[in-house]
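The values are calculated or read from the model by the stated rules, or taken from the named source; none is laboratory data. Since the structure is predicted, the reported quantities are computational estimates derived from the model, not experimental observations. As a convention, Cβ positions derive from the backbone with ideal geometry for all residues, glycine included, and neighbour counts pool all protein chains shown. Areas reflect the complete protein model, heavy atoms only, side chains present, ligands, DNA and RNA absent. Shrake-Rupley method; radii C 1.70, N 1.55, O 1.52, S 1.80 Å.
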Amino acid sequence: MSVRHQDGGFHAWAYLVSAWLVELLVWSFPFSYGIFLNFYATDPNFEHYSPASLALVGSLSSGVLYLTSPIILPIINRYPWHKRNAMILGVIICVSGLVGAAFSTKVWHLIITQGILYSIGGSLLYFPMTTYLFEWFSAKKGIANGVIYSGTGVGGVVTPFVVETLLEKYGRRTTLLSLAVAFLVLSVPCLPFIKPRAPVAQVVDIRSINTRFLSFSPFWILFAANLFQGLGSFLPSLYLPTFASDLNLGTTSGTLALAFLNGASVPGLIFLGWLSDAFDIRWSILISSLGSALAVFFLWGFSEKLAPLLAFACIYGFLAPSWSALWPRFVATSDGDDPRQASSLMGIFIAGRGIGNVLSAPIASGLLHPWYLTNKSTAAYGLEGYGPLIMFTGFTLLVSSLGISYGSIERQWRHQHE
């Protein structure tokens, strides 16, 4: 196998399309879990469980996916000839998790199957795929990363309506079994096109990962900003369907809001990916974090009808999920563009988002209680339990904007080490 060119050609575009579809399949189910959460709350098998335990399934289904990245990425980089086997095993485990969830009768069954098992399988399929991004794309890696991540948004538009329709017509078991079959049928044809640019023998490197970035202050600034962004960013997609039901807007309104949020992330990811390639990364950080925080405070917080809720979903969806398109530039800022080092660093930033996602559900459940404005306002701030949740979400996103300070810290660090 000859070494192929970066940033273009059939094999690069075939990889990009296949990676996009894998992104869609792996992430659209966790990001559509709000539909399942709303359904499980009235399911005879699960309605007697606390909302916090049911929400935990959703936060684990995405959080464990993120968290496993710093474990899986170093292993597959050390043994790259096993990437294909890992992806095949990942498909099998994902399908098994969905089938297991179909036959679950207790919440801990869902936690193990739809929460943990699905995410472990997804990580084995997904992260080997991501390692090839830095091989196939260099100058265009920001926009290529945005295109791949937009698969989540496209899946997030379609999947909520598919899931809601299947749940209403056929129930939980048939829905999850159908999703398992669809996952298998759509993922397998992608595998032949997700491959290395150079022969494996030429890219194997048994050196340990260089940890010099740990002493680089800008890395920690970006990591902290990424962690805070992860704490808040998942909560709207998790609670919008339930929020719409509590506003008496109907189940379909919540599904529509979630679809708008996920759909708006498609152009948002591509736009911020392009912006991070073309301009200083600090502009992208500021636009994503500050813009999404303001949308939470002033649109979600004052929503009482469908129109402002959909406006919030569109603006928030364009800005907040698009943060993940910035990770390749975070990596380049932290320690250059070496593909092997870069993929491991990418795993660290992804895991930072995972820590935030896993912690967000139990924190949110502790915030869903009456506060000062409860029943004193017709807007979302006055809806029982949601005021503190909205404030927490907006605050964490606002704190993530401090990531722009990495530039001044970087200049100080380099001045001290010259």
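The figures follow:
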read-out	value
Heavy-atom accessible surface of the stretch 14-82: percent carbon and sulfur, 1.4 Å	73 percent
Separation of alpha-carbon centers, the stretch 89-150 and the stretch 284-328, rounded to whole Å	25 Å
Computed log₁₀ I(q)/I(0) - Debye formula, equal Cα scatterers, no solvent, the stretch 251-325, q 0.23 Å⁻¹	-0.94
Where the stretch 233-307 is the region considered: accessible area per residue in Å², 1.4 Å probe	36 Å²
Probe 1.4 Å - accessible area at K83, Å² to nearest ten	10 Å²
The stretch 13-155 - charge dipole about Cα centre, Lys and Arg +1 at Cβ, Asp and Glu -1, debye rounded to 20	440 debye
Solvent-accessible surface (1.4 angstrom probe) belonging to D43, in square angstrom, nearest 10	10 Å²
Relative contact order of the stretch 239-342, defined on C-alpha pairs under 8 angstrom at six or more residues apart (%)	34 percent
